[in-house]
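Peer 1: Okay, handing you the structure first.
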Ligand SMILES: NC(=O)c1ccc[n+]([C@@H]2O[C@H](COP(=O)([O-])OP(=O)(O)OC[C@H]3O[C@@H](n4cnc5c(N)ncnc54)[C@H](O)[C@@H]3O)[C@@H](O)[C@H]2O)c1
């Protein structure tokens, strides 16, 4: 069960890549330094279900410096970087239960192994730890954190139904998380995954982006930057309007299906691309997902429409439909930026994981006063991270003068 290192070279490669990411994570480094002195997580068993990447390894380092005993599993079967897992086991002596390409059964077996020590704190990306804990009802932690939009949606649904049994901090809600990680991180890394998987030129292609949330905005922006003709598909009138005024075409998925060259889903929703859409797609259309779960593309419908399936490149499956058309599915419909590329760059994960580390500290110190609810990251933490990030970038900003503070805080003063 435990990740077994057979290959020392693999661990050495992982260690070097972890150091490379570390250079771009100055805020997390500062937190690690303070944690090493203050040990705010001393005595805490912390189970983390995160993409096993170089950035996650640096978060694990900070948590361990804070005194936590950390157990790690993957938050997606295709997102583990095996060299990073090996380095964590070998150098940091962290039990890691993850291997790239694990099947669904192994994925859940790994989640259960991570939960076996009955952690006091959970750190989720997609709410799978919380979900298993609530199904099994063997124990409930003191508190937890959640990294992504999809996880927060699941947790808020649990709170609404009154079934959530411990407090969770929604890291995704922090501005220093979703404004940067979801937008610039997913924006760049999704295109990175798409290009690494296909080696296609994006310029001139009709790229259909399903979902114009924080992730969709980022991917649209970067696809347009590469010369794509971006088409946005939405269900929310406000976001559709925003996409239109940002300069993109907005249409229904039924119409976009007929003209798209590349489709990318980022909605957090189910069955966004379905049978009737595959039926009208152009020969050679490429379909990919960068939303959290592999449910956005109805893969079983594509399989049923096809007479042949062939893996023609590492992350490209060629489906030959009965009428002879070929459709290409990338990364088995799993988040393409982590399946075919390395996930978000360290510069944005610095802020996301600073939020994670400080939220874990907040839980360790304040869990007694928290209800079984989903909490936002305290504003002071969010602002502090933004300030530290700016400082690390050598960017100075202005502060309000006494008069400005007075003016902004008063209602009597007009002109
Ligand atoms: N790939 C990554 O590394 C990564 C990073 C962060 C978040 N995510 C995931 O990406 C997904 C999107 O996250 P977000 O922060 O942009 O969420 P968001 O809530 O800001 O945006 C989602 C958008 O999708 C739209 N939508 C929902 N159903 C739709 C449908 N059927 N057709 C068209 N549009 C639809 C919503 O109206 C909304 O505007 C989530 O699953 C999130 O967990 C992935």
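Peer 1: Please verify whether region 276-287 includes one or more residues that are surrounded by 23 or more Cβ atoms within 10 Å (Cβ to Cβ) and closer than 21 Å to residue 148 by Cβ.
Peer 2: Looking for residues that are surrounded by 23 or more Cβ atoms within 10 Å (Cβ to Cβ) and closer than 21 Å to residue 148 by Cβ, one finds none in region 276-287, hence no.
Peer 1: Before we move on, is residue 348 in the same structural domain as residue 81 (by TED's automatic domain parsing), within 11 Å of the ligand (Cβ to nearest atom) and either touching a helix residue (DSSP H, G or I) at 6+ places or on another chain (Cβ under 9 Å) or more than 17 Å from residue 76 (Cβ to Cβ) (or both)?
Peer 2: On the way: in the same structural domain as residue 81 (by TED's automatic domain parsing): yes; within 11 Å of the ligand (Cβ to nearest atom): yes; either touching a helix residue (DSSP H, G or I) at 6+ places or on another chain (Cβ under 9 Å) or more than 17 Å from residue 76 (Cβ to Cβ) (or both): yes.
Yes.
Peer 1: If you scan region 100-132, which residues turn out to be within 22 Å of residue 18 (Cβ to Cβ), within 18 Å of the chain's Cα centre (by Cα) and assigned to a loop (DSSP other than H, G, I, E, B)?
Peer 2: The answer is 100, 101, 125.
Peer 1: Could you pull out the residue among 165, 135 that is away from the ligand (no atom under 16 Å from the Cβ), at pLDDT 95 or above, surrounded by fewer than 17 Cβ atoms within 10 Å (Cβ to Cβ) and not in a loop (DSSP other than H, G, I, E, B)?
Peer 2: 135
Peer 1: Follow-up. Of (1) outside the structural domain of residue 81 (by TED's automatic domain parsing); (2) at pLDDT below 95, residue 206 satisfies all except one. Which?
Peer 2: Evaluating residue 206 over (1) outside the structural domain of residue 81 (by TED's automatic domain parsing); (2) at pLDDT below 95 leaves (2) as the failure.
Peer 1: Of all residues in region 250-273, how many are more than 12 Å from the ligand (Cβ to nearest atom) and either surrounded by fewer than 16 Cβ atoms within 10 Å (Cβ to Cβ) or free of Cβ contacts under 8 Å to residues at least 24 places away in the same chain (or both)?
Peer 2: 2
Peer 1: Something else: Please state which of the following conditions residue 190 fails to meet, knowing it meets all the rest: (1) surrounded by fewer than 24 Cβ atoms within 10 Å (Cβ to Cβ); (2) more than 22 Å from residue 385 (Cα to Cα); (3) in contact (Cβ under 8 Å) with a residue 60 or more places away in the chain.
Peer 2: That leaves (1) as the condition not met.
Peer 1: Something else now. Working carefully through the options 47, 65, find the one that is touching a residue at least 12 places away in the same chain (Cβ under 8 Å) and either closer than 29 Å to residue 330 by Cα or touching a strand residue (DSSP E or B) at 6+ places or on another chain (Cβ under 7 Å) (or both). Steps first, please.
Peer 2: Numbers: 65 fails: either closer than 29 Å to residue 330 by Cα or touching a strand residue (DSSP E or B) at 6+ places or on another chain (Cβ under 7 Å) (or both).
Of 47, 65, the one residue that is touching a residue at least 12 places away in the same chain (Cβ under 8 Å) and either closer than 29 Å to residue 330 by Cα or touching a strand residue (DSSP E or B) at 6+ places or on another chain (Cβ under 7 Å) (or both) is 47.
Peer 1: May I ask you to say which residue of 296, 276, 283 is more than 16 Å from the ligand (Cβ to nearest atom) and assigned by TED's automatic domain parsing to the domain that holds residue 234? Break it down stepwise before answering.
Peer 2: On the way: 296 fails: more than 16 Å from the ligand (Cβ to nearest atom); 276 fails: more than 16 Å from the ligand (Cβ to nearest atom).
Among 296, 276, 283, only 283 is more than 16 Å from the ligand (Cβ to nearest atom) and assigned by TED's automatic domain parsing to the domain that holds residue 234.
Peer 1: Considering only residues of region 222-239 that are within 9 Å of the ligand (Cβ to nearest atom) and under 23 Å from the mean Cα position of the chain (by Cα), which is surrounded by the fewest Cβ atoms within 10 Å (Cβ to Cβ)?
Peer 2: Out of the qualifying residues, it is 236.
Peer 1: Conditions: (1) surrounded by 17 or more Cβ atoms within 10 Å (Cβ to Cβ); (2) closer than 22 Å to residue 129 by Cα; (3) out of contact with any strand residue (DSSP E or B) (no Cβ under 6 Å at 6 or more places or on another chain). Residue 87 meets all but one. Number of the miss?
Peer 2: Failing condition for residue 87: (2).
Peer 1: Of all residues in region 172-187, count the ones that are surrounded by fewer than 20 Cβ atoms within 10 Å (Cβ to Cβ) and touching a strand residue (DSSP E or B) at 6+ places or on another chain (Cβ under 9 Å).
Peer 2: Of region 172-187, the ones surrounded by fewer than 20 Cβ atoms within 10 Å (Cβ to Cβ) are 173, 175, 179, 184.
Now drop any that are not touching a strand residue (DSSP E or B) at 6+ places or on another chain (Cβ under 9 Å), which leaves 173.
Total satisfying the criteria: 1.
The values are calculated or read from the model by the stated rules, or taken from the named source; none is laboratory data. Computed from a predicted model, the values in this text were never measured in an experiment. FYI the Cβ positions are ideal-geometry reconstructions off the backbone, even for glycines, and counts take in every protein chain you see.
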